[in-house]
1. What number of residues in region 226-240 are open to solvent by 30 Å² or more (accessible area, probe 1.4 Å) and touching a residue at least 12 places away in the same chain (Cβ under 8 Å)?
2. Count, please, the residues in region 238-279 that happen to be assigned to a loop (DSSP other than H, G, I, E, B) and more than 24 Å from Val158 (Cβ to Cβ).
3. Taking region 252-281 only, how many residues are open to solvent by less than 60 Å² (accessible area, probe 1.4 Å) and within 20 Å of the chain's Cα centre (by Cα)?
4. Which one is least open to solvent (accessible area, probe 1.4 Å) among residues in region 1-43 that are away from the ligand (no atom under 16 Å from the Cβ) and closer than 26 Å to Gln68 by Cα?
5. Taking region 130-144 as the search range and keeping residues that are closer than 24 Å to Leu274 by Cβ and near the ligand (Cβ under 8 Å from one of its atoms), which one is surrounded by the fewest Cβ atoms within 10 Å (Cβ to Cβ)?
6. If I ask for residues that are within 16 Å of the chain's Cα centre (by Cα) and within 17 Å of Leu238 (Cβ to Cβ), which ones from region 117-136 would you list?
7. What number of residues in region 169-196 are surrounded by 15 or more Cβ atoms within 10 Å (Cβ to Cβ), more than 18 Å from the chain's Cα centre (by Cα) and not aliphatic (A, V, I, L, M)?
8. Checking the condition part of a strand (DSSP E or B), within 13 Å of the ligand (Cβ to nearest atom), under 22 Å from Leu274 (Cα atoms) and touching a residue at least 12 places away in the same chain (Cβ under 8 Å), which residue from Phe126, Phe152, Phe147 passes?
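The values are calculated or read from the model by the stated rules, or taken from the named source; none is laboratory data. Because the structure is a prediction, the values reported are computed rather than measured. Methodologically, a virtual Cβ is constructed for each residue, glycine included, from the backbone with ideal geometry; neighbour enumeration extends over all protein chains shown. Keep in mind that these areas ignore ligands, DNA and RNA; they rest on the heavy atoms of the full protein, side chains included. Shrake-Rupley method; radii C 1.70, N 1.55, O 1.52, S 1.80 Å.
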Amino acid sequence: MVIYTQKETLVQALSSANKNDKIGFVPTMGALHKGHISLVKKALAENKVVVVSIFVNPTQFNNKADLQKYPRTPEDDISLLKNLKGELVVYLPEISDLYENSVSAKKYNFGGLQNEMEGKHRKGHFDGVGTIVSKLLKIIKPNTAYFGEKDFQQLQIVKKLVAIEKLPVKIVGCPILRETNGLAMSSRNKRLSAKQFEEVTLIYRTLKEVKEKFKSTSITDLNALVSERFLQNPDLKLEYFEIANEATLKTAKRKNKASKYRAFIAAFAGEVRLIDNISLN
Ligand code: PAF
């Protein structure tokens with residue numbers, strides 16, 4: 001495993017690889033967990049060289065405190081990655097290596113995807129994600145990049161981004177990995193107390209209940225059911241629950257047999273904001 005902190009040396013190293021060698025890419029903000037490792041293992045199985053970036057991107061945080069408190073564990077991240085077999089390259093830059101003149105995001109229109117759910121609640125978030133993912137893809141030029149489905153809206157937006165910018169990369173979505181209690185794996189889980197770690201299982205329990213009842217229950221009744229479940233648990237604050245069309249991410253009011261739907265939740269346990277989703281049909 002080789003670690004680069006500067007894009008010039010990373011680009012140089014990647015350009016000396018054989019032209020036919022496939023490059024896989026896993027972008028991360030560090031605080032790596034088994035979910036990230038599963039993406040890296042998939043990338044290693046499908047590519048000759050795999051680049052993992054570790055960079056807490058300031059432009060995608062709409063909340064200063066969230067950025068400050070985002071877990072940063074570079075030593076642990078490196079040790080985890082060192083255990084993996086294969087040709088692994090780690091890109092661990094400083095902010096100035098990626099944002100030379102100003103730490104700001106480009107404005108994007110992802111065909112309306114940016115205005116739904118996370119876009120409504122985290123203003124400018126997807127401009128920041130689009131800006132950094134575009135920069136990283138242009139530096140690394142991977143054949144394939146891997147993203148987790150926990151951030152399903154992000155995955156759809158990245159697919160749109162590469163179409164808009166005509167970037168020659170395949171975007172692969174990978175299934176959510178869960179703790180044994182059902183909680184979706186996330187770097188933010190490191191900030192939960194032991195009590196909160198148990199309480200937040202409500203999120204996945206509720207999503208599973210919605211999935212079980214989806215065929216037989218109207219969307220209006222499912223919305224009411226989820227509000228009720230969260231009202232019974234005052235330690236968790238529901239930010240939003242949405243049943244949305246999987247392709248457009250638009251809120252579904254009623255079901256249409258030809259469409260695919262997903263249920264999405266964002267909720268707070270104290271100051272920690274968690275998101276999760278499940279496919280419904
Ligand atoms: O999903 C994440 O960790 C981040 O949004 C990403 C894709 C690494 C961009 O900073």
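1. Residues that pass the stated criteria total 7.
2. Applying the first criterion (assigned to a loop (DSSP other than H, G, I, E, B)) to region 238-279 yields 246-250, 252-260, 270-271.
The next check asks that each one be more than 24 Å from Val158 (Cβ to Cβ); those that pass are 253-258, 270-271.
So the answer is 8.
3. Quick first cut of region 252-281, residues open to solvent by less than 60 Å² (accessible area, probe 1.4 Å) only: 252, 259, 261-270, 272-280.
In the following step, the residues that additionally are within 20 Å of the chain's Cα centre (by Cα) were identified as 261-269, 272-280.
Adding up the residues that qualify gives 18.
4. Among residues in region 1-43 that are away from the ligand (no atom under 16 Å from the Cβ) and closer than 26 Å to Gln68 by Cα, the one least open to solvent (accessible area, probe 1.4 Å) is Tyr4.
5. Ile132
6. Residues satisfying the conditions are Met117, Glu118, His121, Arg122.
7. 1
8. Every option except Phe147 fails the conditions.
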